[in-house]
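This report refers to the structure that appears directly beneath it.
The values are calculated or read from the model by the stated rules, or taken from the named source; none is laboratory data. Keep in mind that what you see is a predicted model, and the values were worked out from it rather than measured. Quick reminder, even Gly has a Cβ in these numbers, built from the backbone with ideal geometry, and neighbours come from all protein chains shown. Note: areas computed on protein heavy atoms with side chains; ligands, DNA, RNA excluded. Shrake-Rupley method; radii C 1.70, N 1.55, O 1.52, S 1.80 Å.
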Amino acid sequence: MKNLLRLCLLVIIVASCITDSNDPSERFPFDGTGYRPMYSSAEDAARIEVVAAQPLSKPGKIYVLDDYLFINESGHGIHVVDNSDPKNPKNISFISIAGNYDMAAKGTFLYADNLTNLVVFDISNPKSPKLTKTIPNAVPGTDYPPVSNVYFECVESKKGIVTGWGKVPMTKRPNCFR
């Protein structure tokens, strides 16, 4: 009888710890900020070009090839840096790639994401990277920001392709949460 009573008491204690709510607002209160999607047209999102050097603001991964560094700029593309004098590196160009968050390299080929596409560059001449191939829909797409436990404006596909996310002040809690 005592064991049955203990078992019932244990079940009651465990049941009291379980909540039925899936509402994230109970665990993550809205702080007045959220993420807003940044949209582009399909043509702008697919445009990849080598442009003049840009300042680094949100650097990510780095790939080293001989005296050159390829530094990911989260969401925007890849910096090409001449590091032949490590005390005085020279930012020589920028490969503008919308929605670029990741890159990898093997030999003289650089692979990067362009939203849902995979793009391949020949970097045998690092001063002049050449786009050699685009593989459409090779990277899974998402309709949410790259961070967790945040509120965000739901994506509206009629506005274009989401190429990034900006954290902004909001007067009311958005409907989407991740």
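The residues of region 119-139 that are part of a strand (DSSP E or B), more than 22 Å from Y39 (Cβ to Cβ) and touching a Lys or Arg at 6+ places or on another chain (Cβ under 9 Å), listed by number, are V120, F121, D122.
Taking (1) open to solvent by 50 Å² or more (accessible area, probe 1.4 Å); (2) more than 24 Å from A138 (Cβ to Cβ); (3) modelled with pLDDT of 95 or more; (4) of a type in the set (A, V, I, L, M, F, W, C) in turn, V81 satisfies each apart from (1). When P174, P140 are checked against the criterion of being over 21 Å from A42 (Cβ atoms) and either in contact with a Gly (Cβ under 8 Å, 6 or more places away or on another chain) or free of Cβ contacts under 8 Å to residues at least 60 places away in the same chain (or both), a single residue qualifies: P174.
The single residue among V120, V155 that is farther than 19 Å from Y63 by Cβ and either at pLDDT 95 or above or touching a helix residue (DSSP H, G or I) at 6+ places or on another chain (Cβ under 6 Å) (or both) turns out to be V155.
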